[in-house]
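Every number in this text was worked out from the coordinates using simple rules, so none of it is lab data. Being a predicted model, the structure only gives us computed values, none of them experimental. Note that each Cβ is placed from the backbone with ideal geometry, even for glycine, and that neighbours are counted across all protein chains shown.
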Amino acid sequence: MEEVLNALARALSFGTPLLIACLGALLNERAGVVNLGVEGMMALGALAGFAVAYGEGGNGNLWLAVPAAMLAGGLAALLHGFVTITLQANQFVSGLALSMVGLGVAGLLGKRYEGLPLFDHPPEGPFILGAIGLALLLAFLFSATRLGLALRSVGENPAAADLLGLNVLALRYGAVVAGGALAGLAGAYLSLVYRPSWTDGMTAGLGWIAVALVIFVGWNPLRAIFGAVFFGLLYYLQFRLQGQSGIPSEVFASLPYLLVILVLALSGLRGQQGNAPEALGKPYRRGER
Amino acid sequence: MGKPLLQLRDITKRFPGVVANDRVSLELYPGEVLALLGENGAGKSTLVSILYGLYRPDEGEILIEGSPVRIASPVDALRHGIGLVPQHPVLVGRHTVAENLALGSGAALFPSRRILPLIERIAGGYGLQVDPRAYVHQLSPGEKQRVEIVRALLRGAKVLILDEPTSVLTPQEAQALFRVMRELKAAGKSLIFISHKLDEVLSIADRCVVLRRGRVVGDLPIERASKTSLAELMVGRQVSFERRRQTPAPGPVVLRVEGLEARSERGLPTLRGVGFELRAGEVLGIAGIAGNGQSELVEVLAGLRRPQGGRVLLEGKSLPSDPARLFTLGVAHIPEDRIRMGSVPNMSVAENLALRSFEQPPIAHGFLLNPKALATQAQEQVRAYAIATPSVHTPARLLSGGNLQKVILARELATQARLILAVHPTYGLDIGATEQVHEALLHQTRLGAAVVLVSEDLEELLSLSDRIGVMHRGELLGPYAATEVSREQIGLLMTGGAA
């Protein structure tokens, strides 16, 4: 019994960054923009959060660390927005590039923080509750507010929204930047709460799982809670087994990516692709109405 | 009549190479239905786009209640009381009707719930039946159209522009729309009704304005208009509306279909015991509301779908399920979607014309293509079918609908066809192009081809077919001799009522 409770607690803890990042990606995808750069934005957020929290010699500002992480993620997403919304480039390619750039830049700038401990770190409770609250908030936003209706419409049929006077570009920019800020927040959870330190590559494929999770939960914020806990549990089991079996660690290192494939296979089985917003991944050009 | 509600004065709009609107002036009075007539390319859509703020006119002015206005966007147009009911609905399919109607104007919280009483009041007031909780993608074309009308009225439109509203409706639905239009008119709204269908214009409009090549060539009250006079104004020459003569002597049986059964991808029955016979030189018309099995029937006949039961015999032999072999047996297919199925838009006109013949000489030269033969053959076909294209190397996507359809006809009818499967062959084409397509089909019947003609245009079916069958829920009702059924009877059969 204690084992089960412990597993569940760890699953929640593992699942929280997944949930936050997944909700961010879900938000911009509902508005019609795919951002595969979640992994990179998480890395940037993790580093920015840690750097501000650490400051000069371990006495930085914990309160400012979280906004700094969100700012870093949001700025990276803004770049993605400019490339895909204003310049109308391919969203998938831009997102992939952002992912690699984010990981690379974070690795480079993070060299001086490598291996430094963070003595004073925030508790995980507020983050877990906050993530669940955020899911509820997004569900409410989408189903019951004018802003949510506008965001969904822009993701489904931007031409119709434009015809009715909605500002398609502004709505998409807003969703993309907010999505990036959430990815940054998910990164900060890793470097401030989960494993209060900075190591290169500490996001360990979580961003990719978050992207796949959006499809798995059918673009539904409430289902994202259960999806995140489920994959948190799988992650926990992976770490448990790592210590006890004779399987080489490389196998476990590739597990996140196998999980992504598993997520997508399960989504395919459940016909989740059919839930994708109609205009997802398509740049909006006004002349086409 | 009082003062005009809306006035256009010398509106001119130029596009590179064409003057789409050339000093167009017209007035619209309160409580009036004005029909706007014209062939494709006559400038109707441009004029509508100007009124709805999608284009800015190069010259001229728009006056509303006597004062000039600038309409820079659809939102501006709505603010000035001009609403558009577009030909193809601009709605979000996955939203409910209420969500669509709340979009852009609803309350900040619970927008789609708070708008419900407003929808009910407006829809009820004009006899528009809409279910605000239904999802738009589940609605019929007629229902989507009503949602668009409600939306324009919700935004306070005084002028409603209806862009070819009956092109997607059954005759019964069209009648219901006309009742709504009369209600709106009685309430003092002004309507601009755009249509190709002259009978409808004559029955609903008060006045009509005819455009040809961007100019107003006629502005007359409906009492002074007749079907022939309007058609001549539109086309600029005499047009015949005569019924096609009956086939003189039916030839041997070309196609025999017996007890055909088919299921959709989701396993629902789409064809239920369909059977008929078709003789050389005969045209069998197939009517029906989209989704009642017409597409599946043609797909089976074209070798694109495997039936679950029954037989199809082409001149006594059973049909191979391979479209390319079917073509060599003399089965030509003019598909429903001329852009996606009938052509390869990014390939040139010449290449599109050769899609059926590139594997045989002279175009095939061993494993190479002979570009000279390709171009020569294409030039001959372009001439024979009077296809208007800058060159045979122009990408097919740049052609107008009518010219693209002629490319498809030229390709499919290049070798003597035994059986022609024509699906909506004139959908969206203007009177001139329609006449040419009809003539090409009839010419083939005189040479002994049998035609299966699927169409939603009952006029077309009645004027071309020898017999007409109606598809309803996968069953073929009839076929009936075309001389013995009326529009109304076919319309009733389409909706499942008895003839």
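May I ask for the distance between the Cα centers of region A:53-68 and region A:232-270, given as a whole number of Å?
33
Order these by the 10 Å Cβ neighbour count, fewest first: B:Glu32, B:Glu439.
The fewest-first ordering by Cβ neighbours comes to B:Glu439, B:Glu32.
Let me spell out the model: positive unit charges on the Cβ of Lys and Arg, negative unit charges on the Cβ of Asp and Glu, origin at the Cα centre of region B:308-370. What dipole size does that give, in debye rounded to 20?
For region B:308-370, the charge dipole is close to 140 debye.
When ranked by the protection proxy of mean other Cβ atoms within 10 Å per residue, highest first, what sequence do the peptides B:72-79, B:290-297, A:71-78, B:324-331 form?
Top to bottom by mean Cβ count within 10 Å: A:71-78, B:290-297, B:72-79, B:324-331.
What does the average come to when, for each residue of peptide A:160-173, you count the partner chain Cβ atoms lying within 10 Å of its Cβ?
Per-residue shielding by partner chains comes out at 4.
Can you work out the base-10 log of I(q)/I(0) for region B:4-233 at q = 0.07, 0.10, 0.13, 0.18 1/Å, using the Debye formula on its C-alpha atoms alone?
-0.22, -0.45, -0.76, -1.38
Work from the charge dipole of region A:2-275 (Cβ charges, +1 for Lys and Arg, -1 for Asp and Glu, about the Cα centre) and give the residue of A:Gln242, A:Thr145, A:Leu5 farthest towards its positive end.
Sorting the options by dipole projection puts first A:Thr145.
Mind sorting B:Asp219, B:Asp430, A:Asp200 by how few other Cβ atoms lie within 10 Å of their own Cβ, fewest first?
Lowest to highest Cβ neighbour count: B:Asp219, A:Asp200, B:Asp430.
Starting from the Cα gyration tensor of region B:250-493, multiply each eigenvalue by 5, take the square root, and state the resulting semi-axes largest first in whole Å.
Its equivalent ellipsoid spans semi-axes of 30, 20, 17 Å.
Between region B:310-376 and region A:188-202, how far is it from one alpha carbon centroid to the other, in angstrom?
When both Cα centres are located, 62 Å separates them.
Among B:451-458, B:376-383, A:41-48, what's the highest-first ranking by average C-beta atoms within 10 angstrom per residue?
Answer by packing, highest mean first, reads A:41-48, B:451-458, B:376-383.
For B:Tyr29, what residues show an amide H to amide H distance below 5 Å, using hydrogens built from the backbone and excluding near sequence neighbours?
Result for B:Tyr29 returns B:Leu5.
Lys and Arg at +1, Asp and Glu at -1: add these up for the other residues within a Cβ distance under 9 Å of B:Gly281 and post the number.
Once positives and negatives cancel, what remains is 0.
Residue by residue through region A:87-98, which ³J(HN,Hα) values in whole Hz follow from phi under the Karplus form 6.51 cos²θ - 1.76 cosθ + 1.60 (θ = phi - 60°), with glycine and proline marked x?
8, 6, 7, 5, 5, 5, 5, 4, x, 4, 4, 4
Please state the shape class of region B:392-436: rounded when a/c is under 1.5, otherwise prolate if a/b exceeds b/c and oblate if not, all from the C-alpha gyration tensor.
Taking the square roots of the gyration eigenvalues as a ≥ b ≥ c, region B:392-436 is oblate.
Using the number of other C-beta atoms within 10 angstrom as an exposure proxy, rank B:Arg70, B:Arg146, B:Arg207 with the fewest first.
Ascending number of Cβ neighbours within 10 Å: B:Arg70, B:Arg207, B:Arg146.
Would you work out the charge dipole size for region A:183-289 about its Cα centre, treating the Cβ of every Lys and Arg as +1 and the Cβ of every Asp and Glu as -1, and quote it to the nearest 20 debye?
Here region A:183-289 has a charge dipole of around 380 debye.
Just to confirm the filter: which GluC sites (Glu not before Pro) across region A:52-154 are DSSP coil and have at most 16 other Cβ within 10 angstrom of their Cβ?
For GluC sites (Glu not before Pro) across region A:52-154 that sit outside H, G, I, E and B with at most 16 neighbouring Cβ atoms in 10 Å, the list reads A:Glu56, A:Glu124.
Would you kindly derive the ³J(HN,Hα) couplings of region B:59-64 from the backbone phi angles with the Karplus curve 6.51 cos²θ - 1.76 cosθ + 1.60 (θ = phi - 60°), listing them in order in whole Hz, with x for Gly and Pro?
9, x, 9, 10, 10, 10
Just going by the charge dipole of the protein assembly as shown, with Lys and Arg at +1 and Asp and Glu at -1 on Cβ, which of B:Ser167, A:Gly40, B:Pro425 is farthest out on the positive end?
So the residue we want is B:Ser167.
On average, how many beta carbons from a partner chain sit within 10 Å of the beta carbon of a residue in B:277-286?
0
Going highest first, how would you order A:5-12, A:93-100 by mean Cβ packing within 10 Å?
My ranking of the peptides, most packed first, is A:93-100, A:5-12.
Which of the listed residues, B:Ser49, B:Pro74, B:Ile149, is farthest toward the dipole's positive end in chain B, when Lys, Arg count +1 and Asp, Glu count -1 at the beta-carbon?
The one lying farthest along the dipole's positive direction is B:Pro74.
Pick out which of A:Pro117, A:Pro17, A:Pro158 has the largest mean-square fluctuation in a Gaussian network model of chain A, springs linking Cα atoms closer than 10 Å.
Top of the fluctuation ranking is A:Pro117.
Could you compute the net charge surrounding B:Ile161? Neighbours are other residues with a C-beta less than 12 Å from the C-beta of B:Ile161; K and R count +1, D and E count -1.
Net local charge, B:Ile161 excluded: 0.
Using modelled amide H (1.01 Å from N, peptide plane; none on Pro or chain starts), what sits under 5 Å from the amide H of B:Asn21, excluding residues fewer than 5 places away?
So B:Asn21 has HN proximity to B:Lys13.
In peptide B:109-115, how many Cβ atoms from other protein chains are near each Cβ within 10 Å, on average?
The shielding value for this peptide is 3.
Would you please give the residues with an amide H less than 5 Å from that of B:Val216, counting only those at least 5 places away or on a separate chain, with H modeled from the backbone geometry?
B:Ser25
Let me know the charge dipole size of region B:4-233 about its Cα centre in debye, to the nearest 20, where only the beta-carbon of Lys, Arg (+1) and Asp, Glu (-1) is charged.
460
Okay, helix-only estimate at 222 nm for the protein assembly as shown: each DSSP H run of n ≥ 4 adds -39500 (n - 2.57), divide by all residues, round to 500 deg cm²/dmol; what do you get?
Computed mean residue ellipticity for the protein assembly as shown: -14000 deg cm²/dmol.
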